[in-house]
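Take a look at the structure below.
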Amino acid sequence: MVQETEADRRIQALPRTRVAPLPTPLEEASRLSEALGGPRILFKRDDLTGFALGGNKVRKLEFIVGSAVARGMDSLVVSGGLQSNMARIAAAMGRRLGLEVVLVLGGEPGESRKPVGNLLLDRLYGASVQTIYTVPRWEFGTAVEDAAEELRRRGRRPYVVPLGGSSPEGIAGYLEATKELAAQLAQRSITPSRLYVPIGSGGTYTGLVLGAMNYRTSWQVTGVSVSRTREYLLEHIAAAAAAAADAFAFSKTPGSSDLCIEDSYVGPGYGSMTEGCREAISVVARTEGVLLDPVYSGKAMYGLMDHIRRGLLGRQDTVVFLHTGGWPALFAYEPATLGVD
């Protein structure tokens with residue numbers, strides 16, 4: 001029997017709104033592996049967290065929204081891109097709990113604001129949607145706090161959700177996911193050397209790295225950036241990991257030298273289609289019948305594919321690909337952009 005640690009007790013003590021059917025499946029991707037001539041590949045299907053069409057943000061929001069409700073908040077303010085997965089899931093979870101939800105969504109000039117993909121679902125869930133131009137991508141100025149202040153003037157008690165859910169509460173979701181994955185692998189006597197995951201704001205990656213280090217897993221967590229530079233992420237993820245380690249009393253904290261981050265697959269920027277991303281979406285759909293998204297998992301999968309082609313991974317290796325979901329964003333792209341006639 002594994003002895004409960006102080007970190008386990010602190011995480012279990014956190015307020016949590018449970019909506020996900022966990023554990024998510026761990027599936028062999030044997031036809032993909034064969035097509036790539038590479039290692040044994042398994043998918044950790046966090047696209048199947050279920051609630052509001054699923055994705056990694058469900059695990060984070062269980063803790064974040066749980067904290068908001070426990071503190072007596074009656075509304076949520078959420079920021080992100082126009083096709084934000086966090087916004088979609090927060091809108092649905094807020095409605096489930098009777099919370100008012102205000103979304104502040106930013107994009108660059110020329111980016112479609114038509115209600116398609118996640119943006120359509122935001123409106124179906126009845127969230128209040130404010131769209132603004134944000135250049136650079138994540139510079140919201142005072143818009144988020146302005147939205148919260150407007151709710152306060154109306155007598156509401158708003159909770160501002162951290163961008164991407166990258167707070168200790170959000171990170172707790174992927175500390176728990178690390179233990180879940182470790183148990184699934186142990187049950188099948190599988191010892192992977194790598195776990196691949198996309199990185200946006202960094203909360204999911206931070207939780208996985210902190211978990212891998214403190215739970216002594218067999219794998220190195222390889223993050224594939226979909227927007228920010230490696231230098232930016234090394235600094236900010238190390239700081240986020242330190243804050244979470246302190247919050248949960250972990251003995252080990254990853255520094256910059258412990259982080260394996262790739263930023264070679266971003267392309268022109270966040271949400272922009274690349275040839276590699278397009279190929280990855282097509283290959284996975286046609287070998288495994290699994291949909292990747294154009295923003296996160298498509299780029300991360302191409303990073304894995306490129307590592308195989310460059311000889312960084314061989315047939316003797318076993319890797320896990322954490323599918324973070326987000327596939328509703330596919331419907332915001334023109335067919336030709338996805339390589340479909």
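Some points to look at:
- Backbone N within region 155-171 under 15 Å of label point (7 Å from Glu139 Cα along the Cβ vector): none
- Loop-located trypsin sites (Lys or Arg not before Pro) in region 33-138 whose Cβ has at most 14 other Cβ within 10 Å (DSSP): Arg71, Arg113
- With K and R counted +1 and D and E -1, the other residues having a Cβ less than 13 Å from that of Met273 yield a net charge of -3.
- Under a model in which nothing but the beta-carbon of Lys, Arg (+1) and Asp, Glu (-1) is charged, the chain shows a dipole of about 660 debye around its Cα centre.
- Helix-only mean residue ellipticity at 222 nm for the chain, each DSSP H run of n ≥ 4 adding -39500 (n - 2.57), per residue, nearest 500: -12500 deg cm²/dmol
- Region 57-165, Cα convex hull volume normalised per residue, Å³: 86
- Put simply, the amide H of Asp317, placed in the peptide plane, has neighbours under 5 Å in Arg40, leaving out anything fewer than 5 places away on its chain.
- In this structure, the amide hydrogen of Val101, modeled 1.01 Å from its nitrogen in the peptide plane, lies closer than 5 angstrom to those of Leu76, Ser128, counting only residues at least 5 positions away or on a different chain.
- In region 219-271, Cα pairs under 8 Å separated by at least six residues give a relative contact order of 60 percent.
- Backbone geometry of region 266-272 corresponds, through the Karplus equation with coefficients 6.51, -1.76 and 1.60 at θ = phi - 60°, to 3J(HN,Hα) couplings of 5, x, x, x, 4, x, 7 Hz, x marking Gly and Pro.
- Contour excess over end-to-end distance, with Cα ends at Ser251 and Glu149 and 0.36 nm allotted per residue: 32.8 nm
- For Cα extents along the principal axes in Å, the candidate list reads [x] 61, 56, 35; [y] 87, 65, 43; [z] 83, 72, 40; the entry that matches the value derived from this model is [x].
- Length, then width, then depth: along the principal axes, the Cα atoms of region 132-221 run 56, 30, 18 Å.
- Our summary gives region 57-165 a relative contact order of 36 percent, counting only alpha carbon pairs under 8 angstrom and 6 or more residues apart.
- Distances between placed amide hydrogens fall under 5 Å for Gly50 paired with Gly55, all partners being 5 or more residues away or on another chain.
- Taking the charge dipole of the chain about its Cα centre, with +1 at Lys and Arg Cβ atoms and -1 at Asp and Glu Cβ atoms, the residue from Pro162, Thr229, Gly37 reaching farthest to the positive side is Pro162.
Computed from the coordinates by the stated procedures, all read-outs in this text should not be read as laboratory data. Keep in mind the model is a prediction, meaning the values are calculated, not measured. With ideal geometry, Cβ positions are generated from the backbone for all residues, glycine too; neighbour counts draw on all protein chains shown.
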